Amino acid sequence: MRGIARSHVGGTVGQMTAMSLDRADSTPKSGASRGELWLVALLTLGALVVRLPFLGDHNADIDEQLYALIGSQMLQGQLPFVDLWDRKPFGLFLLFGLADASGLPAPWSYQLMATGFIVIGALLLRRLALLLVDRGTATVVALLYIVLMTIYGSHSAQTEAFHVPAMLAMALLVRDTRHPNALRRAWLAMLIGGLALQIKYTVFPQCVFFGLWALWGQYRAGRTLSQLLAIAAGFAALGLLPTIGVGLFYLAVGGWEEFWFANFVSFFLRAPAPMGRFADDYAIFLLPLMVLTIAGLYGRFRMTVPEDGLTYTFFWGMLGAALATVFLPSTVYAYYFAALVPAVLLVALPFLDRRGPLGMAPLLAAMIACVGLLYLPQRFEASQDHRAAMDELVAAIRPHVDSNSACLWVFDGPTALYTTTESCLPTRLIYPDHLNNALEHGSLGLLQIDEVRRILGTRPPVIVTADRPFTVQNEQVLAHVRTALPRGYVVIAEQRIHDRGLKVWLRRDLMGSSR
């Protein structure tokens, strides 16, 4: 276990990453502790720099706006699935609720929380990399993790920012099957996996892989078949414990049917996208990850043979499990590929290792190429334009809505408009995609057109639409909205955000009035 860091990471983030993941580490020295503090500072600074264009931007990404809205509503007594609908697990909304409870305003609250998780993931990845490479290489690889997670959609607060570090923690705990406390560490890993399932259920294949690896270690240690079956059952029970706990809570409050449908039925009712699981443009998008993977394989045979072959095999297993996580849903979105980042970097270590025949060249080339892909100046400029456009939309909407009965309806556009305008919510299906997306037809427990008709029947004072949809549209719903709007509404503001033209429609009888 050459090269593993010999000290506890200083500070709060350091304590979270250490977690006694490897008791084989020696007693820390003060000099080493100071070194770890500098490491945390370096990775934190790196994360803040590459994520700076997005910090404070309400519209930095799409899905997180819904998570933040539901999380904040939880603090006001609203329940996910019952009062506000989505199919993500309860734990994800709880995370965003805790961010909101911090007192920091959105989006800073959840974006800084996600940044902390990104730093934790980088620290955990570095510990894994140290099993095969030196500290300098491992540190640069940790920085590459931060950059690549940003490139692959975790630039703000997507779910991958939270569940990927959990998978890295599991990897650290179960990798060494000969550790004297291997079984105890595996129990902890399964609990962490259970918590990760409450962030996103698609981590299930990775949890299975880590469980099987731990079981294989117990088999090698001489466990009998009956003992292995008992351990496997225990692993499964511990992994399911957080989800069972949430289910029992909903059973107790009378929301079991809503919980069960949202979490375990609607997923299978959603139609697959026409593109299938792999869009044509994903080939170019995935080029950096594919190059690193192929380079790692080349490096393994032609440059630097890993001293710990079993650990390197484990890293390939991690990559296979991460691929299963990405492609588990019937529709695969680009940001799902962030789940591959840590495993790709680990299998690329034989190529990136600065002790190899090419020295620092591969490591520097990878870092320069990945940082170049960020286009930070352009991203910062675009983010400033988006913020200004968002402010204009809010200024146009806010005078006509309130928190009681005059509710904004975002048919298509940023969910964050509900929060920024302090509007009440016109429907429990508050995420625009749920009502306008043709793929959701039949997966919501009601017909989309019925809910759209009901909302329009309440005559919302303001409606927001977009000229370019994100997904395949429900044509019946779209036609109904397009017919109703010109009859009773007039456009009072238009802005472009993320190459989409957004329109604010005000009810005609409210022209010239405000609340």
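Where a number appears in this text, it was derived from the coordinates with a stated rule and is not lab data. Just so it is clear, the model here is predicted, and its values are computed rather than measured. Cβ atoms come from the backbone with ideal geometry, glycine included; neighbour counts cover every protein chain shown.
Phi angles of segment 162-168 translate, via the Karplus equation with coefficients 6.51, -1.76, 1.60 and θ = phi - 60°, into HN-Hα couplings of 9, 8, 5, x, 5, 5, 5 Hz per residue; Gly and Pro are given as x. For THR483 and VAL291, a Förster radius of 51 Å and the Cβ-Cβ distance give a FRET efficiency of 0.55, rounded to the nearest 0.05. With respect to the chain, whose longest principal axis is taken over its alpha-carbon atoms, helix 225-253 is tilted by about 20°. Database note for the chain: Cys without another Cys beta carbon under 4.7 angstrom, CYS207, CYS370. Can you compute the FRET efficiency between ASP467 and MET360 using 1/(1 + (r/R0)^6), with r the Cβ-Cβ distance and R0 = 56 Å? Round to the nearest 0.05. For ASP467 and MET360, the calculated efficiency is 0.70.
Dividing the mean sequence gap of close Cα pairs (under 8 Å, 6+ apart) by how many residues segment 42-101 holds gives a relative contact order of 33 percent.
On a 0 to 90 degree scale, rounded to 10, what angle separates helix 361-374 from the longest Cα axis of the chain? For helix 361-374, the angle is close to 10 degrees. The mean sequence distance of close C-alpha pairs (under 8 Å, at least 6 residues apart), as a share of the length of segment 47-149, puts its relative contact order at 28 percent. If you sort the three axes of the alpha carbon gyration tensor as a ≥ b ≥ c, you get a/c of 1.5 or more for segment 249-352 and a/b no higher than b/c, which makes it oblate.
Helix 30-51 and the longest principal axis of the C-alpha atoms of the chain enclose an angle of approximately 30°. When peptides 224-235, 258-269 are sorted by average Cβ neighbour count within 10 Å, with the highest value leading, the order is 258-269, 224-235.
May I ask you to derive the FRET efficiency for ASP308 and ALA41 from their Cβ-Cβ distance with R0 = 35 Å, giving the value to the nearest 0.05? Given R0 = 35 Å and the Cβ-Cβ separation, E is 0.75.
Around the amide H of ALA493, modelled in the peptide plane, lie the amide H atoms of VAL504, all under 5 Å away and 5 or more residues distant in sequence or on another chain. Distance between the 7 Å Cα→Cβ label points at PHE249 and ARG459: 4.0 nm. Each peptide in 421-432, 127-138 receives the mean, over its residues, of other Cβ atoms within 10 Å, and ordering these scores from highest gives 127-138, 421-432.
Distance between the C-alpha centres of segment 282-357 and segment 131-178: 12 Å, rounded to the whole angstrom. For the chain, relative contact order (Cα pairs under 8 Å, six or more residues apart, normalised by length) works out to 15 percent.
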